[in-house]
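Scroll down for the structure; my scribbles are underneath it.
The values are calculated or read from the model by the stated rules, or taken from the named source; none is laboratory data. Bear in mind that the values here come from a model prediction, so they are computed numbers and not experimental data. All Cβ positions, glycine included, derive from the backbone under ideal geometry; neighbour counts span all protein chains shown.
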Amino acid sequence: MDQTFSKRMDMDKIAAIRDMWKGKLVLKGVVTVSDAEKAISLGLDGIIVSNHGGRQLDAGGSTISSLQSIVAKYGDQTTIMMDSGIRSGPDIARVLASGAHFTFMGRPFMYGTAALGNSGGDHTISLLKIQLKQVMEQIGCPDVDQMPDYLSKI
């Protein structure tokens, strides 16, 4: 990675990739409204709000706070997704209720696989589905696409 990417990825490098690649292009690691604005101006197809799990800088702001600010300003202009800190079905509900179109998660699947081997990933997704369904039932939300409307009333 050090040889492929020297220093921080910046908007000039992303613009060069956008010029070369005419397919769908999404930027991960967006944490500010300013970064989101720049990504949209480059014609990217989506952004992933993420602090990369806080591995390198655990004192950074929470991604859910960043997500809410970005969605408020740009939620109708691009596909907004979130990664980082999502560990459970209720976490998925919170992220979707905050306006994200999609969520990503890694650690729960690594934990499931570490504990149960090959069947760990399937077990993890099963638990997450059950948890998310329970949240939806408790708030009376029939579809994940309606999550922001239902949770805004609580």
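For segment 65-90, which residues satisfy the criterion of being over 25 Å from I125 (Cβ atoms) and among the small types (G, A, S)?
S65, S66, S69, A72, G75, listed by residue number.
Is it true that some residue in segment 123-137 is surrounded by fewer than 16 Cβ atoms within 10 Å (Cβ to Cβ), of a type in the set (S, T, Y) and in a helix (DSSP H, G or I)?
yes
Kindly establish whether A93 is assigned to a loop (DSSP other than H, G, I, E, B), under 30 Å from H123 (Cβ atoms) and either hydrophobic (A, V, I, L, M, F, W, C) or assigned by TED's automatic domain parsing to the domain that holds M11 (or both).
Numbers: assigned to a loop (DSSP other than H, G, I, E, B): no; under 30 Å from H123 (Cβ atoms): yes; either hydrophobic (A, V, I, L, M, F, W, C) or assigned by TED's automatic domain parsing to the domain that holds M11 (or both): yes.
The answer is no for A93.
Does I64 satisfy the condition of being at pLDDT below 95, assigned by TED's automatic domain parsing to the domain that holds T32, hydrophobic (A, V, I, L, M, F, W, C) and touching a strand residue (DSSP E or B) at 6+ places or on another chain (Cβ under 8 Å)?
In short, yes.
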